[in-house]
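The structure appears below as structure tokens.
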Protein chains: 2
Amino acid sequence: MDPNYDQESRSRSAPTGEIDNQPAEKKRRLTVEQVNMLEKSFEEENKLEPERKTELAKMLGLPQRQVAVWFQNRKARCKIMKIERDYDVLKACYDSLLAKHESVISENEKLKSKVFTLTEMLLPAAHQTQRNLQGKLNSKGDDETMSSSTALVPLANDHYFTNVDETFGWWVWPSNLM
Amino acid sequence: MDPNYDQESRSRSAPTGEIDNQPAEKKRRLTVEQVNMLEKSFEEENKLEPERKTELAKMLGLPQRQVAVWFQNRKARCKIMKIERDYDVLKACYDSLLAKHESVISENEKLKSKVFTLTEMLLPAAHQTQRNLQGKLNSKGDDETMSSSTALVPLANDHYFTNVDETFGWWVWPSNLM
DNA sequence: TTTTAATGTAATGGC
DNA sequence: GCCATTACATTAAT
């Protein structure tokens, strides 16, 4: 499945070679063993102390300079990988929050509807109270024509429910209902 | 300010062997003029057709290969810059949404409180209805000890208001209030 | 098969 | 030592 590119074909200089003996050649590509060891070492400790560098270089048969370069490049790679991970994490958070937000919005709508319903349910009581008061004041009542939409209490509508705090700002509750 | 390198190519024979004939040694860095021109050209057109490549190379005194490589690297840089920009944009969106979310949550709390208040306001009416029913059933009423928290209707609490749909699921509205 | 875009990796030089 | 830059290699896609 995976193309087994052998590690020997690319690296012309021997793995044991200290410094490339070929003058004009640039050596490329470390062997998989070298990379594995470097990777393992990097995982253990991101920072490369001079001592470790020397040790690694000797173990891998590489110039210290190359080991140091490898670590630097590895760190750089690490950094951009981090950026990508951060993006993915943030994206997930965003999506999650968005879902939650929509859920709350939905709940909000239901609550508004509920408040509306409850308010309408309170209208007869308010009406009753009002009628009682009126009955006491002028002992004359005609209430048959008064529907909820023409009640003394203004009919609640969407506008009133837009700002929750003001929903009942305009109305004083009858004392017998408080 | 900038070290003026000559633009003659370097490069030795590569395994894949490109057109490399100049024996000149390692010259890295391009001059600012070269970079400026490449940059300008890149802004105009991200894609590098062979013709443009030839023209640019001639204009800059660089091997075509080097121009091509520069464009490749420039694209790569472009990409990671894009990732960073995307992150920033997403972050801003997230913060904005979070603020909105919290605002809605706050409104939600107020609505719940409102529903709670309205429900309590409805209790006397419900109580009254219940008392009337009881009066008809057993003609015996003691209601003085009945506070809102011990009303026949369960007292609404936070739990009941957590899920809006169930807020009144447990209670049947008295027919005279519907 | 040839070319190239995209990606990965090694190396250089400046600060 | 960290960083951006340059260069080369490799793989996928055409």
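The table below lists the values:
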read-out: Shortest-first nm distances, residue B:87 label point to equivalent points in other copies (7 Å, Cα→Cβ); value: 0.9
read-out: Prolate/oblate/rounded call for the stretch A:32-135, Cα gyration tensor, a/c under 1.5 rounded; value: prolate
read-out: For A:112-120, mean number of other protein chain Cβ atoms within 10 Å; value: 5
read-out: Listed residues A:61, A:34, A:121: farthest to the positive end of the dipole of the stretch A:32-135 (Cβ charges); value: A:121
read-out: Given B:47/B:79; A:91/B:112; A:91/B:100; A:47/B:79; A:53/B:75, the pairs whose alpha carbons are separated by over 23 Å; value: A:91/B:112; A:47/B:79; A:53/B:75
read-out: Calculated from backbone phi, Karplus (6.51, -1.76, 1.60) coupling profile of the stretch A:54-67 in Hz, x at Gly/Pro; value: 4, 4, 4, 4, 5, 5, 8, x, 10, x, 3, 3, 5, 4
read-out: Other protein chain Cβ atoms within 10 Å, averaged over every residue that makes up B:59-68; value: 0
read-out: ³J(HN,Hα) computed for each position of the stretch A:81-92 - Karplus, 6.51 cos²θ - 1.76 cosθ + 1.60, integer Hz, glycine/proline x; value: 5, 4, 4, 5, 4, 4, 4, 4, 4, 4, 4, 4
read-out: Accessible area buried at the A-B interface, both sides summed, 1.4 Å probe (Å², nearest 100); value: 3800
read-out: For residue A:124, inter-copy label distances in nm, listed shortest first [label point 7 Å out on the Cα-Cβ vector]; value: 1.7
read-out: Shielding of A:75-81 by partner chains, average beta-carbon count, 10 Å; value: 1
read-out: Largest to smallest accessible area among B:109, A:39, A:49, B:43 [probe 1.4 Å]; value: B:43, B:109, A:49, A:39
read-out: Residue A:72 versus residue B:39: modelled label distance in nm, points set 7 Å from Cα along the beta carbon direction; value: 2.3
read-out: Shortest-first nm distances, residue A:45 label point to equivalent points in other copies (7 Å, Cα→Cβ); value: 5.4
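The values are calculated or read from the model by the stated rules, or taken from the named source; none is laboratory data. Since this is a predicted model, take the numbers as computed values, not measurements. Neighbour counts run over all protein chains shown; Cβ positions are idealised from the backbone, glycine included. To get the accessible areas, we keep the full protein, side chains included, count just its heavy atoms, and leave off ligands, DNA and RNA. Shrake-Rupley method; radii C 1.70, N 1.55, O 1.52, S 1.80 Å.
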